[in-house]
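Below you'll find the structure, written out as structure tokens, and then a few comments.
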Amino acid sequence: MKKCSIVVPCYNEEAALPLFYREITRVAAGMSELDFEFIFIDDGSRDNTLSELKKLASADKRVRFVSFSRNFGKEAGIFAGLEQSTGDYVALMDVDLQDPPDLLPDLYRAVSEEGYDCAATRRTTRQGEPPVRSFFARMFYRIINKISDVDIVDGARDYRLMRRSMVDAILSLREYNRFSKGIFGWVGFKTKWIPFVNVERAAGETKWSFWKLFCYSLEGIVAFSTVPLAFASVFGILLCLIAFFFVCVVLVKTLAFGDPVGGWPSMMCVILFLGGIQLLCIGILGQYMSKTYLETKKRPLYLVRETEEGLQ
Ligand code: UDP
Ligand code: MG
């Protein structure tokens, strides 16, 4: 019998966890052609998530968990789950039921019968989300798809089911700054996109503030595009051309009309503008350098404090 691993990162999810477990076991019971394994990653939760997981693991042998020594972020959770998974198929899901477990049979069919390596899901609406956030999200997808070779699908969720070969490919990318949406696209493989209507969180609250999402999107851009690095050169050339034009204007004015050169305010504008552009370019360079610095340290992506193997 083939085996399917379900990987679920959890951070402070004591409220959502029992609901999720009930749903996923109900769906799993309907897919009798598969053996299941549920791998929960406790990402350094400060509530009772870990004790809930222990309860589940001692009652159900299919439940495994990995508890981190602190909060390492969802990306580290995904990586740990994929690394721990032993199934022929691996599904990635959020614990808050925003990734409907009922779609799992569809995902499985696409991979097992229709010849795809991966079945991924995409939200068709952003209903229930603040409009400002939707606006920035859409901008982000438009920009990153312009400046990056990797295809990053708007509205794509991390919810997907993959064949082992694709999971191994993802695990072979050991970078420290992980941007999963880009990594899934980068490894390629045949992916079927399954759309669904946005669902709101079942319990608990979102871990992503606007600011956190903004920083995450910048990380995505730095991780999957080097176009911002060319910004300084392009702007430099442009400014040189403009400067050359003004030199001509000043020369003609002085020689032909004998005008004295005035304009302290315009001088200030130019100085401030140039200073701003230079700082911006240094900032962009700094972003890439700091990421390179973090990569060169080769720190582990996560540290484990406890797993289900410690349970009796
Ligand atoms: N999550 C995590 N570590 C974190 C933040 C979130 O493992 O540092 C998990 C969280 O428990 C959930 C999933 O990632 O299962 C998605 O988080 P959330 O629902 O808060 O994000 P949203 O759906 O609002 O984008
Ligand atoms: Mg959510």
- [ ] Using a/c under 1.5 as the rounded threshold, could you call segment 10-124 rounded, prolate or oblate? The axes a ≥ b ≥ c are square roots of the C-alpha gyration tensor eigenvalues, and prolate needs a/b larger than b/c, oblate otherwise.
- [x] prolate
TODO: List the pair-distance distribution P(r) of segment 90-157, using every Cα-Cα distance, as the percent of pairs falling in each 10 Å bin from 0 up to the bin containing the longest distance, rounded to whole percents.
DONE: 17, 39, 34, 10, 0
Task: Hydrodynamic radius of segment 241-308 per Kirkwood, over alpha carbon pairs, in Å - done: 17.0 Å
Open item on the list: Translational diffusion coefficient of segment 207-246 at 20 °C, 1.002 mPa s, Stokes-Einstein with Kirkwood Rh over Cα pairs, in µm²/s as a whole number.
Closed with: 172 µm²/s
TODO: Please get the size of the charge dipole for segment 29-181, origin at its Cα centre, with Cβ charges of +1 on Lys and Arg and -1 on Asp and Glu, quoted in debye to the nearest 20.
DONE: 580 debye
Task: Spin-label model distance (nm) - ILE277 vs THR125, 7 Å beyond Cα toward Cβ - done: 4.6 nm
Task: Taking only Cα atoms of segment 24-90, radius of gyration then Dmax in Å - done: 12.7, 37
Task: Pair GLU23, SER233: separation of 7 Å Cα→Cβ label points (nm) - done: 4.8 nm
TODO: Could you sort 240-250, 279-289, 70-80 so that the peptide with the highest average Cβ count within 10 Å comes first and the rest follow in order?
DONE: 70-80, 279-289, 240-250
Task: Within segment 160-273: Cβ-based charge dipole about Cα centre, in debye rounded to nearest 20 (Lys, Arg +1; Asp, Glu -1) - done: 760 debye
Open item on the list: Which entries of LYS192/LYS291; LYS181/LYS291; LYS3/LYS54 have Cα-Cα distances beyond 25 Å here?
Closed with: LYS192/LYS291
Task: Reciprocal of mean inverse Cα separation for the chain (Kirkwood radius, Å) - done: 22.3 Å
- [ ] Compute the distance in nm between two label points, each set 7 Å from the Cα along the Cα-to-Cβ direction, one at LYS253 and one at PHE210.
- [x] 4.3 nm
Task: Dipole of segment 49-181, positive end: most advanced residue of LEU50, SER85, VAL66 [Cβ charges, Cα centre] - done: LEU50
TODO: Express as a percent, rounded to the nearest 5, the fraction of DSSP beta bridges in segment 70-203 (both residues included) that run antiparallel.
DONE: 55 percent
- [ ] Putting +1 on Lys and Arg Cβ atoms and -1 on Asp and Glu Cβ atoms, find which of LEU285, ALA169, ALA28 reaches farthest to the positive end of the dipole of the chain.
- [x] LEU285
TODO: Give the share of C-alpha pairs in each 5 angstrom bin for segment 182-263, from 0 to the last occupied bin, in whole percents, shortest bins first.
DONE: 3, 9, 9, 9, 12, 11, 8, 6, 7, 6, 6, 5, 4, 4, 1, 0
- [ ] Could I get the Rg over Rh figure for segment 163-306? Both from C-alpha atoms, Rh via Kirkwood, rounded to two places.
- [x] 1.20
- [ ] State which helices in the chain qualify, where a helix is a whole DSSP H run, it must extend 27 Å or more along its own axis by its Cα atoms, and its mean Kyte-Doolittle hydropathy must be at least 1.0.
- [x] 227-252, 264-296
- [ ] Would you work out the charge dipole size for the chain about its Cα centre, treating the Cβ of every Lys and Arg as +1 and the Cβ of every Asp and Glu as -1, and quote it to the nearest 20 debye?
- [x] 580 debye
TODO: Under a cut-off of 17 Å between alpha-carbon atoms, report the aspartates and glutamates in cross-link reach of LYS146, not counting same-chain residues fewer than 8 places apart.
DONE: ASP154, GLU219
Open item on the list: Which residues among segment 1-30 fall inside the zone where the amide N is under 18 Å from a point 7 Å beyond the Cα of ARG164, along Cα→Cβ?
Closed with: 1-7
TODO: State the antiparallel share, in %, of DSSP beta bridges confined to the chain, rounding to the nearest 5.
DONE: 30 percent
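Each reported figure results from applying straightforward, stated rules to the coordinates on display, with no laboratory input. Since this is a predicted model, take the numbers as computed values, not measurements. Ideal geometry is used to build each Cβ from the backbone, glycine not excepted, and the neighbour counts take in all protein chains shown.
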